[in-house]
Amino acid sequence: MSKPFLTYHTNENDAISGERIVLEARKLSKPTAISDKTSRHGAQRVKADKAEAWIERAYVAGTRKF
Amino acid sequence: MAEEQIRAGGTPFLSSAGTTPTTLIEGEKTEITRFRMFITPEVLAEISNLRTEVNALKATVSEIKTEPEGAKRDLTEEIRVVEVKEMTIEEARPLVEEFLRKYLEENKQVYPSDVADELGLKYELVKEIFDILEKEDRLKKRGG
């Protein structure tokens, strides 16, 4: 599943953070809603087995038209 | 009560003039206080059947009312299968450009994963095409 354009971090506690993360995995859990008394915004968590994930940037139209 | 009266050979009248009529069918109550009604056992059986049917319909309506939530849950749990097509950059590029032309008319930004999923192309291939289009100034990274 390795992709040549990615930089792999494989140690425990290595983290990535981004507006959008693409995740590919052999097995994906159903999302779990996470909330506590202090958090204003809820979050969801999924567990992925045999997985790789990467940060994706959004693209906008450039100066030249298609 | 009326059925028992009829079975016992009593008066076939459900209600006599001047008395409060017995409600056999639940629903809208009227202000009528005087009426005479002859009910045969067949009619009573029909009423009983109708009551059963109404209850069954009520149960169905209740099920239908709760169904949209269930359907929504099923949809979110459903996995969309994308069959990835094997293509070269030369073959895929016109498809990606055509997709982007339309997509960027309606959307301000686009992610490579959106294109890969929509067109059923390998992510690496789409990313490579995005890199080429970025070099050609047709695309640029947002905020970059």
Notebook entry, point to check: For the range A:3-31, how many residues meet the condition of being under 26 Å from B:Glu128 (Cβ atoms), at the interface with chain B (Cβ under 10 Å from one of its Cβ atoms) and in a loop (DSSP other than H, G, I, E, B)?
Noted result: 5
Next item on the list: Determine if the range A:43-63 includes at least one residue that is more than 16 Å from the chain's Cα centre (by Cα), part of a strand (DSSP E or B), surrounded by 10 or more Cβ atoms within 10 Å (Cβ to Cβ) and of a type in the set (Phe, Trp, Tyr).
Entry: yes
Item checked: Residue list for the range B:90-116, restricted to those being at the interface with chain A (Cβ under 10 Å from one of its Cβ atoms), over 15 Å from A:Phe66 (Cβ atoms) and of a type outside the set (Phe, Trp, Tyr) -> B:Lys108, B:Gln109, B:Pro112, B:Ser113, B:Asp114, B:Ala116
Checklist line | Positions within the range B:118-144 being at the interface with chain A (Cβ under 8 Å from one of its Cβ atoms), within 17 Å of A:Ala61 (Cβ to Cβ) and in a helix (DSSP H, G or I), in sequence order | finding: B:Phe130, B:Leu133, B:Glu134
Next item on the list: Return the total of residues in the range A:1-32 being more than 19 Å from B:Ile79 (Cα to Cα) and surrounded by fewer than 11 Cβ atoms within 10 Å (Cβ to Cβ).
Entry: 15
Checklist line | Which numbered condition A:Asp36 fails, given (1) surrounded by fewer than 10 Cβ atoms within 10 Å (Cβ to Cβ); (2) of a type in the set (Asp, Glu); (3) modelled with pLDDT of 95 or more | finding: (3)
Next item on the list: Looking only at the range A:25-33, decide whether some residue is of a type in the set (A, V, I, L, M) and over 15 Å from the mean Cα position of the chain (by Cα).
Entry: yes
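The values are calculated or read from the model by the stated rules, or taken from the named source; none is laboratory data. Note that the structure is predicted; figures quoted are calculated from it, not measured. Positions of Cβ are backbone-derived with ideal geometry, glycine not excepted, and every protein chain shown enters the neighbour counts.
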